[in-house]
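Take a look at the structure below.
The values are calculated or read from the model by the stated rules, or taken from the named source; none is laboratory data. If you're wondering where the values come from, they're calculated on a predicted model, not measured in any experiment. With ideal geometry, Cβ positions are generated from the backbone for all residues, glycine too; neighbour counts draw on all protein chains shown.
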Ligand SMILES: *Cc1c(COP(=O)(O)O)cnc(C)c1O
């Protein structure tokens, strides 16, 4: 394809058309993914839908720029414009999170955590973090993570009866273990996290506090969950979960320029984090992605976005209530945020989450599976549902009721098929599938 018109508009126009011509294989897969999303219900806590403006920034000529370093301190020439792009993203991130420091370069939430952890600790230092099987994220120290390979990890767990964080127990553990870093924030925890209490515990034992709000950042920006920014020394997040581009983010509040000791030398917190971002763990930033983050932070500052986050939490509460009324066993009995976790083991003899997930998906309802705390059954028994996408598509209380009926219709009709397999009868599945399609069609991606 050649460009007669030497304009940015012509260059960026009809990108999908260009792909269709050159690579029908990938073009068709993208098309199939679009239709999959339009024809099923995404009840996912770890996923969202970014705007078309965010997509445009991702698919722009900014993708090509190679430039290492930070704004006004680059190693490569021709970086004036990407300096402005990155500075805009930083300013908007600081504004929307009320932070004093923002780093928009991390390629992912996992990398953001790795950067902070290696910036603040030395090999072999101690980390106290939430057990992966109790809702913590892999990057907080699960056995196969880089974090566990280079640092000494101790895990805190939720209470055996209530499945809530037990701050007294965490304090006890911290006093005994004397960690240099405490990590709070979870991937599977449906209740409010008290960042203030975590900071008290960290201060008592002289630890640094990292709050990972990958799952909560949307609610934090929208005012539907307390902010950790001034409680934690450092806060990290993924940027796709709240509806931005894929990527990570590092933030700091009042402690952003505090002095820390690393390898016997004094360092300033935010500078140490920048050094560890580049050249520590990453090379060149993705400027298309950083531009997309800037666009997203502009959206996140809007009244509409904030109102929607309240609605996300409201919908989750409503759906949890509707399912509880039907007798479903929800972890902690309900939710304060955007997710609910169902224990499927009591629904029918031997039902596990892989089977529940498979049958729900067959009926057009997409959910995640996960292990439950203190569950020693051979197969996983938790499924996690989230309301960000259905809320973005415009659903409200009536649709949450409808979804609870459809979910119930699937889960209570799963039957054993042979020794270990579980299935749902074809006629029942088709019937529900048609209903979810109908519902999805009324709330399309826009
Ligand atoms: C999703 C998640 C991450 C990881 O983000 P990626 O961008 O997928 O690497 C980190 N921490 C928590 C708590 C998460 O839920």
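Values as computed for the structure displayed
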item: Residue satisfying condition, being part of a helix (DSSP H, G or I) and either on the phi > 0 side of the Ramachandran plot or touching a residue at least 24 places away in the same chain (Cβ under 8 Å) (or both), within set 29, 62, 44, 16; result: 62
item: Wholly enclosed strands (runs of 3 or more DSSP E) of region 231-295 bearing at least 3 residues within 23 Å of the chain's Cα centre (by Cα), surrounded by 22 or more Cβ atoms within 10 Å (Cβ to Cβ) and in contact (Cβ under 8 Å) with a residue 60 or more places away in the chain; result: 234-238, 248-252
item: Filter result for the condition that a residue is crowded, with 24+ Cβ neighbours inside 10 Å, modelled with pLDDT under 95 and either touching a strand residue (DSSP E or B) at 6+ places or on another chain (Cβ under 7 Å) or not in a loop (DSSP other than H, G, I, E, B) (or both), over 129, 139; result: 139
item: Filter result for the condition that a residue is in contact with a strand residue (DSSP E or B) (Cβ under 6 Å, 6 or more places away or on another chain) and at pLDDT 95 or above, over 315, 337, 329, 288; result: 329
item: Selection within region 187-223 - away from the ligand (no atom under 11 Å from the Cβ), in contact (Cβ under 8 Å) with a residue 60 or more places away in the chain and either surrounded by fewer than 22 Cβ atoms within 10 Å (Cβ to Cβ) or not in a loop (DSSP other than H, G, I, E, B) (or both); result: 191, 192, 208, 218, 219, 220, 221, 222, 223
item: Single residue of 53, 79, 129, 108 found to be more than 16 Å from the ligand (Cβ to nearest atom) and in the same structural domain as residue 273 (by TED's automatic domain parsing); result: 79
item: Lone qualifier among 402, 442, 433 - being in contact with a helix residue (DSSP H, G or I) (Cβ under 9 Å, 6 or more places away or on another chain) and without any contact (Cβ under 8 Å) to a residue 12 or more places away in the chain; result: 442
item: Index of the failed condition, residue 43 passing every other in (1) surrounded by 17 or more Cβ atoms within 10 Å (Cβ to Cβ); (2) within 16 Å of the ligand (Cβ to nearest atom); (3) closer than 27 Å to residue 369 by Cβ; result: (2)
item: Residues within region 159-181 that are within 15 Å of the ligand (Cβ to nearest atom) and over 17 Å from residue 124 (Cβ atoms), tallied; result: 1
item: Filter result (out of contact with any helix residue (DSSP H, G or I) (no Cβ under 7 Å at 6 or more places or on another chain) and crowded, with 24+ Cβ neighbours inside 10 Å) within region 96-119; result: 109, 112
